[in-house]
Amino acid sequence: MMKQLLKNLVDITAQRENSRLAGSVILALHELAQVRQIRVLEIFSLREEMFVQEKMFLNDEHLSTIAEHTEDDPKEPIARYPSIMECMRQHKNEHYEIAADGWHVLWLPVWLHGKINTCLEIRHPHPYDTATLELIDGIFGIYCNYQSLLDYSERDALTGLFNRKTFDEQFSRHAFALAPHEAHSLDNDERRHAGDSKAHWLAVVDIDHFKQVNDQYGHLYGDEVLILVANILRTSFRSHDRIFRFGGEEFVILLRSTTLADASKIFDRFRQHVQEYDFPQVGKVTVSLGFVGISQETPVVILGHADQALYHAKKNGRNRICFYDELVTSGVLSNEISTNDIVEFF
């Protein structure tokens, strides 16, 4: 038992991503506490409503993730989870109940910055004995502490979005996995005309005339603009898309599994949300955005192409979105930006 416990602890503390950390914790609970079913549920806000989304599920010995069984963004209103709502109302660290099917259910919410961002649902056909509960509590405590450390290192302190370091680590490691298999067999010209096929997209966002905001209103109001734009980003995209703050007034979005037409609509909808928002003291703020499809090119090339599209958007009026492949096809990007401008990202 002690040998297995130490092995699981080593595996848990070796993880550097929240998804891998959750998987290690689930396996530890299964192997050490003999738990039969575990779900990892993400809790998030979208346009001022709260939702729950299953991220991982262990049934006996089979562990699956949402990415393995759907490309969609399935989510449920939090009202369908009264136990989680009870934890939120009472600020509880756990909730125990016997489900309608007779199974014993333990709800364990993860609190970060005063909010629940994740909840474990642990189901077992028999009551939990004292030793099992103590073991579960110990493993869960390690999970909470370690997730807090990861959150601190992965996120930007001002906006709470993922930071540049997290992007560099995750995108370099997963760029090829992000590219859909059907897109791998297409060359660039074919991809430009495959408008109905789904792909993954990378966008670079820049707040227009942000220096003027800082100069005219001061850095406190500039910081408030950054926080509010980050909030608009969160509400404009799905829970399994990824948003990063690169520093300054620049953000990066990874938009997963959608068509070119829908990607253009989603990015432009975000642009409009910013344009229509009334920023305190500052008034109106706009953003420019350049995006590109994620392919088998290296991360520096993909990011550089998105930056070229952004540069074109800012050079030609701002408050607009530009698609890299469309600009290349029309010839407007020819010899427009030097190689040095592209590699400054890394």
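The values are calculated or read from the model by the stated rules, or taken from the named source; none is laboratory data. In this text, all values refer to a predicted model and were calculated from it rather than measured experimentally. A quick note on method: Cβ atoms are made from the backbone with ideal geometry, for glycine too, and the neighbour counts reach across all protein chains shown. These accessible areas exclude ligands, DNA and RNA; they are computed on the full protein's heavy atoms, side chains included. Shrake-Rupley method; radii C 1.70, N 1.55, O 1.52, S 1.80 Å.
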Just to be sure, is residue 93 under 21 Å from residue 256 (Cβ atoms) and surrounded by 12 or more Cβ atoms within 10 Å (Cβ to Cβ)? no
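Listed here are the residues, each with its yes/no results for (1) surrounded by fewer than 13 Cβ atoms within 10 Å (Cβ to Cβ); (2) at pLDDT below 90.
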residue	(1), (2)
126	yes, no
152	yes, yes
160	no, yes
167	no, no
171	no, yes
180	no, yes
Go through the residues of the range 332-346 one by one and say whether even a single one is at pLDDT below 95 and assigned to a strand (DSSP E or B). no
Could you count how many residues in the range 100-111 are open to solvent by 20 Å² or more (accessible area, probe 1.4 Å) and within 23 Å of the chain's Cα centre (by Cα)? 1
So the check is Cβ under 6 Å with 6+ separation or different chains; which pairs have a first residue in the range 291-309 that's within 14 Å of residue 323 (Cα to Cα) and among the β-branched types (Val, Ile, Thr) and a second one that's part of a helix (DSSP H, G or I) and open to solvent by 10 Å² or more (accessible area, probe 1.4 Å)? 292/305; 292/324; 294/178
Out of (1) crowded, with 22+ Cβ neighbours inside 10 Å; (2) among the charged types (D, E, K, R); (3) under 21 Å from residue 231 (Cα atoms), the odd one out for residue 307 is which? (3)
Residue list for the range 209-244, filter: in a helix (DSSP H, G or I), open to solvent by less than 20 Å² (accessible area, probe 1.4 Å) and of a type outside the set (A, V, I, L, M, F, W, C): 222, 236
When you check residue 264 against the structure, is it under 28 Å from residue 42 (Cβ atoms), small (Gly, Ala, Ser) and free of Cβ contacts under 8 Å to residues at least 60 places away in the same chain, yes or no? yes
Given the conditions (1) at pLDDT below 95; (2) surrounded by 14 or more Cβ atoms within 10 Å (Cβ to Cβ), and given that residue 251 satisfies all but one, which numbered condition is not satisfied? (1)
Quick check, is residue 206 at pLDDT below 90, over 17 Å from the mean Cα position of the chain (by Cα) and either crowded, with 16+ Cβ neighbours inside 10 Å or among the acidic types (Asp, Glu) (or both)? no
Residue check, residue 150 outside any loop (DSSP other than H, G, I, E, B), out of contact with any strand residue (DSSP E or B) (no Cβ under 8 Å at 6 or more places or on another chain) and either more than 23 Å from residue 16 (Cβ to Cβ) or not small (Gly, Ala, Ser) (or both): yes
Would you pick out the residues in the range 265-294 that are buried (at least 22 other Cβ atoms within 10 Å of the Cβ) and in a loop (DSSP other than H, G, I, E, B)? 294
Matching residues in the range 132-148 - criterion: being open to solvent by 40 Å² or more (accessible area, probe 1.4 Å) and closer than 16 Å to residue 115 by Cα: 145, 148
Out of the residues in the range 43-89 meeting the condition of being polar (S, T, N, Q) and at pLDDT below 95, tell me which one is surrounded by the most Cβ atoms within 10 Å (Cβ to Cβ). 53
Residue hits (the range 114-133; assigned to a loop (DSSP other than H, G, I, E, B) and in contact (Cβ under 8 Å) with a residue 12 or more places away in the chain) are 125, 126, 127, 128
Hits in the range 14-34 - residues which are open to solvent by less than 60 Å² (accessible area, probe 1.4 Å) and assigned to a helix (DSSP H, G or I): 18, 21, 22, 23, 24, 25, 26, 28, 29, 30, 32, 33
Checking residue 256 against (1) assigned to a helix (DSSP H, G or I); (2) under 26 Å from residue 199 (Cβ atoms); (3) touching a helix residue (DSSP H, G or I) at 6+ places or on another chain (Cβ under 8 Å); (4) open to solvent by 20 Å² or more (accessible area, probe 1.4 Å): exactly one of these is not met. Which one? (1)
